[in-house]
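Mind looking over this structure? Questions follow.
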Amino acid sequence: MNGLYRLPDLGPDALQQELASVQDTAILCLASMARMRDHATGNHILRTQHYVRILALHLRDHPGFSDPLDDDLTLELLCRTATLHDIGKVAIPDGILLKPGRLTAEEFEQMKLHTVYGHQALQNVEALTAVTLGHHSRLFLRIAREITLSHHERWDGQGYPQGLMGDEIPCTARIMALADVYDALISRRPYKDEMSHERAAACILEGAAAISIRLSWMPSTRGRRSLRRSPARWRSNTPTLAPEPS
């Protein structure tokens, strides 16, 4: 076989399942590159993936989320891409990424760039494979870019990197943001103790504007003046990994 591995003869359904398994393995390997350098977060990528699935399944029946989440394929791809939300951290210097204590203001500005780095990396992949990408792959990369870039945006417009507010934040990124915040609260860090589930839930409810999920009682921001920075501005202040596709 010239050294090449040959798949056993499989039926169409079994082959599709086998290819999906290979894709999941590749995604986890890619995501683990970031986590291998960030020891403080351990199995964060796997835990947040489970939280994203639980949230998405619950929210698909909510009037505000039923439209983007009513498709089984979209929901499944959201859960798969959740593991990539911090992939941009591979471009953050070790002195910042592995610092045992709190970051300085300057270091935090560098850390915030992981959202842009991850988005640019996925955008470059999309540009290089545009000719061969099918519908599922395009949807996968679109969702991955959304959560990678926007999972630190906040409902009140005070997040990063674009300063999006309210419904301007993609639904997929809002779900990822809540899962990310929850796991951060219940996990021990060198500079803080872990919280119980009850305390973490209360903290999220008390500071709902600081995360990206809009609760049912929060007013919509449609029609309000946006506080976000233009894409041209945040890109102009950010180092690039490679030229962005046209």
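Bear in mind that the values in this text are calculations on the coordinates, not laboratory data. Note that the structure is predicted; figures quoted are calculated from it, not measured. Using ideal geometry, Cβ is built from the backbone for each residue, glycine included, and neighbour counts are taken over all protein chains shown.
Can you pull the one-decimal nm distance between simple spin-label points at residue 133 and residue 71, each 7 Å off the Cα toward Cβ?
1.4
Trypsin sites (Lys or Arg not before Pro), restricted to the stretch 102-144: which are DSSP loop and have at most 16 other Cβ atoms within 10 Å?
Values: sites: 102, 112, 138, 142; in loops: 102.
Here the trypsin sites (Lys or Arg not before Pro) that fit, given the DSSP loop and packing criteria, are 102.
Taking the stretch 98-176 on its own, what percent of its Cα-Cα pair distances exceed 17 Å? Each step should come with its number before you reach the end.
Details: 1634 of 3081 pairs.
Tail fraction, whole percent: 53.
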